[in-house]
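Engineer: My structure is below; once you've seen it, I'll send some questions.
Please treat every number below as a calculation from the coordinates, not as lab data. Since the structure is predicted, the reported quantities are computational estimates derived from the model, not experimental observations. Every residue, glycine among them, receives a Cβ derived from its backbone with ideal geometry; neighbour counts consider all protein chains shown.
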Amino acid sequence: MTEPRATKLLVSVRSADEADAALSGGADLIDVKEPARGPLGVAEPEVVGAVVDRVAGRVPVSAALGEWSPNALTEAHWHLELQLNYVKWGLANYPHAPGWGEDLLDTRRSLPAGMEMVAVAYADWERAKSVPPAELVKFAKRYRFRAVLLDTWGKDGKTLLDFLKPADVCEIVGSLKRVGIIAAVGGSLRPEHLKPLKGVAPDYYAVRGSATAGGKRTGVIDPSRVKKWKEALVG
């Protein structure tokens, strides 16, 4: 039997200097976003490019591109010129109507070769006016997305576990991993949440606020807090 893959750490940064800090703490994937612009706030393309250059291929790099809209590709034109491994759009205010998802697939087909689109499921989908996580997971599995992020839309102190039970998170992650889809779990989690999530083994935990010096999303990445996360994952 093969050993299960160890859970890795995705750290969201807002600058090249923060990327350095995250890497020195042991981050396994660098995500670029501007937290002041929302849960998946898009950073300026110059910032994303600087992070890509600083990381220099040491780990994969992803970028948040805001909430999806019919103009998503046009608005992300310069970002899509960069050497990114993954890009992701949230689905807040996305109409969950019959035939939903076709426009998302069109967007995915338009990405440069080698760049993967992450499907984002919001646990607090009702207040985000988004697609229920179970439906989003079915969609990702049917159309063979490479990765899915389970996150929260609202960044108001509530966490993923305010909207989903650990057993539900475990089921979502397990169903994705069984078909070879990379499962990332975010939602304002802190290392102490790993205890109730003990049975969950995502490919990545995705963090931002709990990896900053002040414990806030708009704070500055602290290598010691990143290291604390890494130690908690192997503990």
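Engineer: Projected onto the charge dipole of region 154-226 (+1 at Lys/Arg Cβ, -1 at Asp/Glu Cβ, origin at the Cα centre), which of Gly174, Gly219, Gly186 gives the Cα projection farthest towards the positive end?
Structural biologist: Gly219
Engineer: Here's another thing I want to ask about it. First select every other residue whose beta carbon is under 13 angstrom from the beta carbon of Arg146; then total the charges, Lys and Arg +1, Asp and Glu -1.
Structural biologist: On the way: positive: Lys88, Arg108, Lys141, Arg144, Lys177; negative: Glu116, Asp203.
Neighbour charge sum, excluding Arg146 itself: +3.
Engineer: Would you mind ranking Leu160, Leu10 by Cβ crowding within 10 Å, fewest neighbours first? Numbers along the way, then the final one.
Structural biologist: Details: Leu160 22, Leu10 26.
The fewest-first ordering by Cβ neighbours comes to Leu160, Leu10.
Engineer: Starting from the Cα of Lys129, draw a straight line to each of the lysines and keep only those under 23 Å, dropping any in the same chain fewer than 8 residues away.
Structural biologist: Lys33, Lys88, Lys138, Lys141, Lys155, Lys158, Lys165
Engineer: Sort out for me the Cα centre separation of region 5-79 from region 174-235, rounded to whole Å.
Structural biologist: Spelled out, the Cα-based centre of one part sits 16 Å from the other.
Engineer: Let me ask another. Grab the beta carbon distance between Glu44 and Arg190, set R0 = 22 Å, and tell me the FRET efficiency rounded to 0.05. Each step should come with its number before you reach the end.
Structural biologist: Working: r = 29 Å, r/R0 = 1.30.
About 0.15, to the nearest 0.05.
Engineer: So what is the relative contact order for the chain, in percent, with contacts set as C-alpha pairs under 8 Å and at least six apart? Could you put the intermediate results ahead of the total?
Structural biologist: Working: 464 pairs, mean separation 49.3, N = 235.
21 percent.
Engineer: Something else now. Per 0.36 nm of contour for each residue apart, how much would the distance between Arg37 and Asp162 grow if the chain were fully extended, relative to their Cα-Cα spacing? Walk me through the numbers before you get to the answer.
Structural biologist: Numbers: separation 125, 0.36 × 125 = 45.00 nm, distance 2.26 nm.
Net length gain for the segment: 42.7 nm.
Engineer: Okay, next question. The chain: Rg/Rh from Cα coordinates, Kirkwood Rh?
Structural biologist: Over the Cα atoms of the chain, Rg/Rh equals 0.93.
Engineer: Contour minus end-to-end for Gln83 and Ala201, with contour as 0.36 nm per residue of separation and end-to-end as the Cα-Cα distance? Walk me through the numbers before you get to the answer.
Structural biologist: On the way: separation 118, 0.36 × 118 = 42.48 nm, distance 2.84 nm.
Extra length available between Gln83 and Ala201 comes to 39.6 nm.
Engineer: Where Lys and Arg each count +1 and Asp and Glu each count -1, what net charge lies around Lys216 among other residues with Cβ under 11 Å from its Cβ? It would help to have the intermediate numbers written out before the result.
Structural biologist: Details: positive: Lys155, Arg208, Arg217; negative: none.
Result for the neighbourhood of Lys216: +3.
Engineer: With a sphere of radius 14 Å drawn around the Cβ of Ala128, what net charge do the other residues whose Cβ falls strictly inside it have (Lys, Arg +1; Asp, Glu -1)?
Structural biologist: Net local charge, Ala128 excluded: -3.
Engineer: Kindly write out, for region 146-161 in residue order, the coupling ³J(HN,Hα) from the Karplus curve 6.51 cos²θ - 1.76 cosθ + 1.60 (θ = phi - 60°), rounded to whole Hz, with x marking Gly and Pro.
Structural biologist: Listing the rounded values in order: 6, 8, 10, 10, 9, 9, 10, 7, x, 10, 10, x, 7, 10, 3, 6 Hz.
Engineer: A further question follows. Have a look at the DSSP beta bridges in region 8-234 and tell me what percent are antiparallel, nearest 5. Don't jump to the answer; show the numbers that get you there.
Structural biologist: On the way: 1 of 30 bridges.
DSSP beta bridges in region 8-234 are roughly 5 percent antiparallel.
Engineer: Roughly what would the spin-label model give for Glu102 and Glu126, points 7 Å off Cα along C-beta, in nm?
Structural biologist: The two pseudo-label positions are separated by 3.0 nm.
Engineer: Let me have the relative contact order for region 2-100, percent, based on Cα pairs under 8 Å that are six or more residues apart. If you can, show how the numbers build up before the last one.
Structural biologist: Numbers: 148 pairs, mean separation 23.7, N = 99.
Relative CO of region 2-100 lands at 24 percent.
Engineer: Let me have the 222 nm mean residue ellipticity of the chain computed from DSSP H runs of 4+ only, each contributing -39500 (n - 2.57), with the sum over all residues rounded to the nearest 500.
Structural biologist: Values: 8 runs with 71 residues, N = 235.
Mean residue ellipticity, 222 nm, calculated: -8500 deg cm²/dmol.
Engineer: For each of Leu65, Leu9, count neighbouring Cβ atoms within 10 Å of the residue's Cβ, then give the residues from fewest to most. Show your work: numbers first, answer last.
Structural biologist: Working: Leu65 27, Leu9 21.
Sorted ascending by nearby Cβ count, the order is Leu9, Leu65.
Engineer: In what sequence do Leu194, Leu176, Leu23 fall when counting other Cβ within 10 Å, fewest first? Let's see the in-between values first.
Structural biologist: Values: Leu194 16, Leu176 24, Leu23 20.
Final ranking by Cβ density, sparse to dense: Leu194, Leu23, Leu176.
Engineer: How much length is gained if the chain between Ala213 and Leu111 is pulled fully straight, taking 0.36 nm per residue apart and subtracting their Cα-Cα distance, in nm to one decimal?
Structural biologist: Details: separation 102, 0.36 × 102 = 36.72 nm, distance 3.53 nm.
The Ala213-Leu111 span can extend by a further 33.2 nm.
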